[in-house]
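Have a look at the structure below before the remarks.
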Number of protein chains: 2
Amino acid sequence: MANVLEIIPLGGIGEFGMNCTLLRFGDEMLVLDAGMGFPEESVYGVDVCIPDFEILEQYRNEITAIILTHGHEDHLGALPYVLKKINVPVYASHFTLGLAESKLDEHGLLGDVLLHRVEPRDVVTIGSFTIEFIRASHSLIDCFHLAIKTPVGTIIHTGDYKVDESPVIGEPIDLRTLRRYGQEGVLALLSDSTNATVPGRTPSERAVIPAFEEIFAEAKGRIIVAAFASSIHRLQIVLDVAQQFNRKVCVLGRSMQKNVEIAERLGYLDIHDGMLVSINDTKHLADDQIVFLVTGSQAEPRAALYQMATQIYKGVTIEEGDTVVLSARIIPGNERAISKLIGFIYKRGANIIEEKRRLIHVSGHASQEDIRIMTEATRPKFVVPIHGEYRMLFRHKEFVKNHLDYAEENIVLIENGDVLELDGERAAIVDKREIKRTFIDETGFEEIEYETVRERKKMAYEGIVTLFLSINRTTNELAAPPQIIAQGVRGFPSIGINGVSKAPSGGAILKDAELAVDAAIAGASSQTFKDPTLLKEHVRLELKRFIQKETGARPVIVPVIRDLG
Amino acid sequence: MANVLEIIPLGGIGEFGMNCTLLRFGDEMLVLDAGMGFPEESVYGVDVCIPDFEILEQYRNEITAIILTHGHEDHLGALPYVLKKINVPVYASHFTLGLAESKLDEHGLLGDVLLHRVEPRDVVTIGSFTIEFIRASHSLIDCFHLAIKTPVGTIIHTGDYKVDESPVIGEPIDLRTLRRYGQEGVLALLSDSTNATVPGRTPSERAVIPAFEEIFAEAKGRIIVAAFASSIHRLQIVLDVAQQFNRKVCVLGRSMQKNVEIAERLGYLDIHDGMLVSINDTKHLADDQIVFLVTGSQAEPRAALYQMATQIYKGVTIEEGDTVVLSARIIPGNERAISKLIGFIYKRGANIIEEKRRLIHVSGHASQEDIRIMTEATRPKFVVPIHGEYRMLFRHKEFVKNHLDYAEENIVLIENGDVLELDGERAAIVDKREIKRTFIDETGFEEIEYETVRERKKMAYEGIVTLFLSINRTTNELAAPPQIIAQGVRGFPSIGINGVSKAPSGGAILKDAELAVDAAIAGASSQTFKDPTLLKEHVRLELKRFIQKETGARPVIVPVIRDLG
């Protein structure tokens, strides 16, 4: 164990979201980022997921700090949940801390944690680790690459980045410092793979300005721009172009308002006096003096854009003459919903500018030629693709191998839970930890047990039948006929949700099913009858057979025995 | 009512799938296509959806025939369900009937229905309607445009099409006949909008041949081609290129095997003797002599490709050296699953050819310049965009208006259920019928009631609590303490699925909830207690309040009262 560094990704590998990586040397451990994810289980009442931080318990006395590269939810969102387990100092940039504070406040944690604000070029030593925070460029502002000197060599963690020489807000990527590390020697580069399938360079944040200027010049009515609330460069562009075309901006949607407030308060957004107006103010403005800057680019049903397109949102609805600008990428999985939303907007008679038709969105992540620049600047011994689905990680590897002349053994593909050991010469996966996901119900920041979600899935698929048996244990007889309650079962009438009884077609089947259970009980041996577990399994199987034979359905069946007498 | 034609779309407008349109003149009605859709409700055990054909009851004595443009599931899949309601003759092409027969056979309907085989250029008169079947080109074979002469004018229904002058199988699109109708005068063109957002021309089915030849020339190991089972042109190309490179083809996946069998039997696929081999045969071949032609391009978990990528499918698994060709588009909604599947395949060490990197898939639908050719050939008075989400329909309208010089009032946007009335001069939506969807569980071709799916959705979201009250009506007292069963409720222990009792953390809350119900009953007025409906609503509300206060959860609550004594 002497003189080896361990890298253990808890999330972000083979999936989007939940970025979190442990870095361990001896008995010291850093946590790099603490992100949440947005799981496909949303239909089962799951709002977000986070890595199962159970593993941190084992290192409770070793963890010295949490380092955040930037403030996107997939890097920051799980911070409260980590801090609830392990309260250690957090290091992050000014703006990242602004977002973190807001989040910790919601969780009631703000007073209890130690937050360290760091600036680009700051160097912080935490035990055996010396961390330099290097200015990164990304779709968000105030982002870092991390250069972490360890006793076995320097690790560079890119965080999320693209090579943007002309960001809208702040300074460009600090390639000079990255190159300095490259010259001094970098052991491993943990490198963003999101766009590793995309050839060429990712355009600068500024690249969308001409299209916005054109759109603003053409639009005769109101303009509605939907963007990610965290795309602060983009928000600044909208504010600037609005100013240029004598329009005022009304910000709608909770997260957009929050981010604009934080970014303005911390001095990142440059907003002219009187530029921001309330909904009420817009009523006194001509249509061609208004821009709505709104949430909902992913067609989230509760967000501003969807509401404005389908009904009235705070008095505003999309109308003929409006120009709607979808200034965001489509997150995979949202295609159908967004296409529907666009249909609703067309139906309202508005004009829509979609991404594909004009350059109104650019990615924040490194394309292949950005990856080339990063890799050539840092010249790592080992390239470790992170942050992406396997498809992206493999394509990242393929690109580095074929176009940057790295040998196969110097590109290390890891998975969540892998323990990657580095001794300065060699990189090897020496262990595999199982890292599950934890589901969260964001309404109360409550965890949803995995088993609970599993039950919901099963019920969702074919419904549930609850079977009540009242047994008189004195006489060892049924105290009352069996009673069956079906919910969501094909071919079965339900006691309606909300307790209102309904008896749709086919009520007879309930009676027949109860008779089948009666028969099953009559046929049970006295030994079975006496053992509740055996009896439950016996009637469950018989009822299952009956239902499947009669209707083909395979609902969840829950037998309940009540002992009376 | 005299001398007007009604067009009533039952599906396919504002959505993908469920294409079905009624055409009515006087007391005669044609059904054009009968398609199924693939709803987002699949997590609720719904396999497919079809239009609610209840509306057909009203026209029971008027419907004279069902006309099918082609054999894709979104045009053919609901045929058995329509025929179960209204048994009328079906007109379709040779190959379409091949698919229809197979489907009707599965439903046990084959002997009971009248199927008319028609050829291109056939003209059939059914009452007031005279229908010419015109050769269309598409990704499927043996497809039709319909030219329907009615007393108020000629309607052309494009079906699905692209303008393909060089299909792989069969003759090109019959533009000559379409132009003849254009010269004679077309009242309305019902026109495929699927690719109305796409500029330019859609490439010919042949366009993928060079990429396939390259891939086959490069591949050193086995080749696995995943394609839509219905892309018969594509299957022929794979067979031809395999022949050229001395490989044998093994077809895997039920629908692929079925379609190859039908297409070969009916003489559409040209297969050399000995070209098709079984899995067993492949064991005696060298890797570079094998092509697997498989289902599963959409990452369906039970299809061949997914199985081969994640485990062993009939003895075959994807291995290092294999080349996997994804020769299909990504159907919106499947992006995440397909990206994951690609990751699995990379992990196996195989090479993957994805659509974006090479021309290995072409669409079967008309792009904007195809739409131009169709519209200019038929010169309709009215253009009626069909087959697509609203987004596509609106873009279709926009294109026709801006680039083909149609006046706004000559482009008619309709929705499912609209009654579009045409009198030869005027087109007007005169009524709106509500057309719901019907959900189908394909395991038994059984309908799933809408209410059942609604219940599943609610239970899926926050779980369900069933509350049992046993009341002795003689004494008007509880005959036993209340009993609460929770499934999938956050913070509540469940009686496990399969009847196995479990008591995870927090078992106390069940007891507390039962006490809360006790208290609610004690507090109920005697009037409430006597009325089961009032009593159920009373305890439901109290229990709801208790659960929400204690855990924040909002499960479905089903109170059940049993009268004893």
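The values are calculated or read from the model by the stated rules, or taken from the named source; none is laboratory data. Fair warning: this is a prediction, and the values are worked out from it, not measured in the lab. Because the Cβ atoms are built from the backbone with ideal geometry, glycine has one as well, and the counts that use them run over all protein chains shown. What goes into the accessible areas is simple: the full protein's heavy atoms, side chains included, and nothing from ligands, DNA or RNA. Shrake-Rupley method; radii C 1.70, N 1.55, O 1.52, S 1.80 Å.
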- [ ] Would you point out the residue of segment B:530-551, among those that are of a type in the set (A, V, I, L, M, F, W, C) and open to solvent by 20 Å² or more (accessible area, probe 1.4 Å), that is farthest from A:Ile448 (Cα to Cα)?
- [x] B:Leu534
Open item on the list: I'm trying to understand the selection: among the residues of segment B:382-401, which are assigned to a helix (DSSP H, G or I) and either open to solvent by 40 Å² or more (accessible area, probe 1.4 Å) or within 13 Å of another protein chain (Cβ to nearest Cβ) (or both)?
Closed with: B:Tyr390, B:Arg391, B:Met392, B:Leu393, B:Phe394, B:Arg395, B:His396, B:Lys397, B:Glu398, B:Phe399, B:Lys401
Task: A:Pro332, sole failed condition from (1) buried (at least 21 other Cβ atoms within 10 Å of the Cβ); (2) touching a Lys or Arg at 6+ places or on another chain (Cβ under 8 Å) - done: (1)
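Mind listing just one residue for me: the one in segment A:1-12 that is among the hydrophobic types (A, V, I, L, M, F, W, C) and surrounded by 21 or more Cβ atoms within 10 Å (Cβ to Cβ) and, of those, farthest from the chain's Cα centre (by Cα)?
A:Leu5
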- [ ] Looking at (1) within 29 Å of A:Ser193 (Cα to Cα); (2) surrounded by fewer than 16 Cβ atoms within 10 Å (Cβ to Cβ), find the lone condition where A:Gly364 falls short.
- [x] (2)
Open item on the list: Testing B:Arg554 on (1) modelled with pLDDT of 90 or more; (2) crowded, with 20+ Cβ neighbours inside 10 Å; (3) part of a loop (DSSP other than H, G, I, E, B), one condition comes back false. Which one is that?
Closed with: (2)
TODO: Test A:His138 against the stated conditions and say whether it is within 30 Å of A:Val238 (Cβ to Cβ) and not polar (S, T, N, Q).
DONE: yes
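Let's see how each residue does on (1) open to solvent by 10 Å² or more (accessible area, probe 1.4 Å); (2) farther than 30 Å from B:His403 by Cα; (3) of a type outside the set (Lys, Arg):
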| residue | (1), (2), (3) |
| --- | --- |
| B:Lys220 | yes, yes, no |
| B:Ala226 | no, yes, yes |
| B:Leu235 | no, yes, yes |
| B:Ser255 | yes, yes, yes |
| B:Asn259 | yes, yes, yes |
Open item on the list: Based on this model, can you work out whether B:Gln307 counts as in a helix (DSSP H, G or I) and crowded, with 16+ Cβ neighbours inside 10 Å?
Closed with: yes
Open item on the list: Can you tell me how many residues within segment A:402-431 are within 14 Å of chain B (Cβ to nearest Cβ), among the charged types (D, E, K, R) and under 29 Å from the mean Cα position of the chain (by Cα)?
Closed with: 2
TODO: Considering only residues that are among the hydrophobic types (A, V, I, L, M, F, W, C) and out of contact with any strand residue (DSSP E or B) (no Cβ under 6 Å at 6 or more places or on another chain), look in segment B:138-192 and name the one that is farthest from B:Gly267 (Cα to Cα).
DONE: B:Leu178
Open item on the list: Yes or no: segment A:273-284 includes at least one residue that is in contact with a Leu (Cβ under 8 Å, 6 or more places away or on another chain), exposed (fewer than 15 other Cβ atoms within 10 Å of the Cβ) and not assigned by TED's automatic domain parsing to the domain that holds A:Val168.
Closed with: yes
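Taking A:Glu449, is it free of Cβ contacts under 8 Å to residues at least 12 places away in the same chain, touching a Lys or Arg at 6+ places or on another chain (Cβ under 8 Å) and either among the acidic types (Asp, Glu) or open to solvent by 10 Å² or more (accessible area, probe 1.4 Å) (or both)?
Taking the combined requirement at face value, the residue satisfies it.
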Task: Which numbered condition A:Gln58 misses (of (1) open to solvent by less than 10 Å² (accessible area, probe 1.4 Å); (2) free of Cβ contacts under 8 Å to residues at least 24 places away in the same chain) - done: (1)
Open item on the list: Within segment A:402-435, take every residue that is farther than 28 Å from A:Thr197 by Cβ and not in a strand (DSSP E or B) and give me the one that is most open to solvent (accessible area, probe 1.4 Å).
Closed with: A:Glu434
- [ ] Please tell me if B:Ser42 is of a type in the set (Gly, Ala, Ser) and away from chain A (no Cβ under 14 Å).
- [x] no
Open item on the list: Can you find, within segment A:198-218, the residue that is nearest to A:Glu425 (Cα to Cα) among those that are surrounded by 22 or more Cβ atoms within 10 Å (Cβ to Cβ) and of a type outside the set (D, E, K, R)?
Closed with: A:Thr202
- [ ] Of the conditions (1) free of Cβ contacts under 8 Å to residues at least 40 places away in the same chain; (2) more than 12 Å from chain B (Cβ to nearest Cβ), A:Leu541 clears all except one; give me its number.
- [x] (2)
- [ ] Check B:Lys356 against each of (1) among the basic types (Lys, Arg); (2) free of Cβ contacts under 8 Å to residues at least 12 places away in the same chain; (3) farther than 30 Å from B:Ser191 by Cβ and name the one condition it does not meet.
- [x] (3)
Open item on the list: I'd like to verify a number: residues in segment A:284-299 that are more than 15 Å from A:Thr323 (Cβ to Cβ) and without any contact (Cβ under 8 Å) to a residue 24 or more places away in the chain, how many?
Closed with: 1
Task: Criterion: farther than 20 Å from B:Lys432 by Cα, touching a Phe, Trp or Tyr at 6+ places or on another chain (Cβ under 7 Å) and small (Gly, Ala, Ser) - qualifying residue of B:Gly45, B:Gly98, B:Gly35, B:Gly14 - done: B:Gly45
Task: Selection from segment B:505-515 of residues that are part of a helix (DSSP H, G or I) and open to solvent by 30 Å² or more (accessible area, probe 1.4 Å) - done: B:Ala508, B:Leu510, B:Lys511, B:Asp512, B:Leu515
Task: All strands (runs of 3 or more DSSP E) inside segment A:92-187 with 2 or more residues being open to solvent by less than 10 Å² (accessible area, probe 1.4 Å) - done: A:129-136, A:143-150, A:153-157
TODO: Might you let me know whether segment B:58-69 holds any residue that is of a type in the set (Ser, Thr, Tyr) and in a helix (DSSP H, G or I)?
DONE: no
- [ ] With respect to A:Gly343, determine if the residue is at positive phi and open to solvent by less than 20 Å² (accessible area, probe 1.4 Å).
- [x] no
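Filter segment B:471-488 down to the residues that are more than 7 Å from every other protein chain (Cβ to nearest Cβ) and among the small types (Gly, Ala, Ser), then identify the one that is nearest to the chain's Cα centre (by Cα).
Here the residue is B:Ala486.
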Task: Subset of segment B:313-331 that is part of a strand (DSSP E or B) and of a type in the set (A, V, I, L, M, F, W, C) - its residue that is farthest from B:Phe38 (Cα to Cα) - done: B:Val316
- [ ] Considering only residues that are hydroxyl-bearing (Ser, Thr, Tyr) and not in a strand (DSSP E or B), look in segment A:13-50 and name the one that is farthest from the chain's Cα centre (by Cα).
- [x] A:Tyr44
Task: Flag for B:Leu359 being closer than 30 Å to A:Met392 by Cα, over 21 Å from the mean Cα position of the chain (by Cα) and assigned to a helix (DSSP H, G or I) - done: no
